[in-house]
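The structure appears below as structure tokens.
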Amino acid sequence: MKRALLAVVLALAFATPASAHGGSLWSAYDNAFQNAKYIDLSHVLTPQIPVWKGFGPSFFMPAVDPSTGTPYTYAKDGFEATAYRLSTDQFGTQLDPPAHWAPEYAAIDELPPTFAVRKLIVISIVRQVRQNFNYALQVSDILRWERRHGRIPPGSVVFVRSDWSKRWPDPALSGLTEFPGVSLDALKFLQLKRHILFHGHEPLDTDSTPTLEGESWLMHHGFAQAEGVADLSGVPATGCLVNMGFPWFGGGVGGFVRFVAICPPDTKRGVRVGELPESPLQRYDTPLHWDPALGMRVR
């Protein structure tokens, strides 16, 4: 019941004339979003995170003044900036548009803005993965989930929890040939029978088959997917929304994405608006500084 609170408040907000409260979405924010719990579901991007060896490493560097060839510094220029040499757009937590494999379908800059906020479904296969690390989500797992939680709503985002991400950022993760996945039958069921927006998984590939059959089918049929989703523990199976934001690289075939789960107030994990400094933001005792060994700024 409590997990349905967010949907109820939204319905009431939209049912109220805008003139009664200066805009129904503001009312929805005041009554639901302001008191919700917010949970980050994306990994921080650093040069050390796991990435497929076929792409090679990425590098972060201080941005330099082209007229002098020297980096901007706080002491000399009053500011600093960063230059990123990324080996791939398949890096960290990603939103894969179908153009990643199928150029006739949408690239990252062609995804509709309606992707921004959706209902979030979390299906756990943690128990199965403990028995078989190479386990892939099956249709039977989805039907079992639905018997407990109800039918998966169309247009929702389905994240598959395996706890693979709890080993992040172990470099060995990118070289594993066996890992938790999502079966082709399960993908077809979710997309063709439940008509979800897209699914997401914690590993960097959809499945461990030699041909990556699941990813191939998705891309060549115009479906997007999320990879490298971060820790899903403590995220309710139903009742949350997921907000997503990604850069609009023209013709990009992968997206660096930040997923944030927006969950009911009684969710144990997460933070509420106002719990952390926001404006002004937090002041730290240790200033950022460049660490040559790590190739990035640290505190």
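The values are calculated or read from the model by the stated rules, or taken from the named source; none is laboratory data. Since the model is a prediction, treat every value here as computed from it, not as a measurement. Don't worry about glycine lacking a Cβ; one is built from the backbone with ideal geometry, like all the others, and counts go over all protein chains shown. These accessible areas exclude ligands, DNA and RNA; they are computed on the full protein's heavy atoms, side chains included. Shrake-Rupley method; radii C 1.70, N 1.55, O 1.52, S 1.80 Å.
Quick rundown of the values:
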| item | result |
| --- | --- |
| Pick from the range 72-99, criterion in contact (Cβ under 8 Å) with a residue 24 or more places away in the chain and hydrophobic (A, V, I, L, M, F, W, C), ranking: farthest from HIS220 (Cα to Cα) | LEU86 |
| Evaluation of THR177 against (1) over 18 Å from ILE125 (Cβ atoms); (2) touching a helix residue (DSSP H, G or I) at 6+ places or on another chain (Cβ under 7 Å) (one fails), failing number | (2) |
| Total residues in the range 135-183, condition among the polar types (S, T, N, Q) and open to solvent by 50 Å² or more (accessible area, probe 1.4 Å) | 3 |
| LYS188 vs. criteria part of a helix (DSSP H, G or I) and open to solvent by 10 Å² or more (accessible area, probe 1.4 Å) | yes |
| Identity of the residue in the range 40-74, in contact with a strand residue (DSSP E or B) (Cβ under 7 Å, 6 or more places away or on another chain) and part of a loop (DSSP other than H, G, I, E, B), that ends up surrounded by the most Cβ atoms within 10 Å (Cβ to Cβ) | LEU41 |
| Members of the range 191-218 found to be of a type in the set (A, V, I, L, M) and in a loop (DSSP other than H, G, I, E, B), listed by number | ILE196, LEU197, LEU204, LEU212 |
| Residue selected from the range 84-109 under the condition touching a Pro at 6+ places or on another chain (Cβ under 7 Å) and surrounded by fewer than 17 Cβ atoms within 10 Å (Cβ to Cβ), by the criterion farthest from GLY175 (Cα to Cα) | ALA106 |
| Positions within the range 191-240 being on the phi > 0 side of the Ramachandran plot, in contact with a strand residue (DSSP E or B) (Cβ under 9 Å, 6 or more places away or on another chain) and surrounded by fewer than 20 Cβ atoms within 10 Å (Cβ to Cβ), in sequence order | GLY234 |
| Residue satisfying all of: in the range 251-294; part of a strand (DSSP E or B), touching a residue at least 40 places away in the same chain (Cβ under 8 Å) and open to solvent by 50 Å² or more (accessible area, probe 1.4 Å); farthest from THR73 (Cα to Cα) among these | VAL271 |
| Among (1) open to solvent by 10 Å² or more (accessible area, probe 1.4 Å); (2) touching a Cys at 6+ places or on another chain (Cβ under 8 Å); (3) part of a strand (DSSP E or B) - the single one ASN243 does not satisfy | (2) |
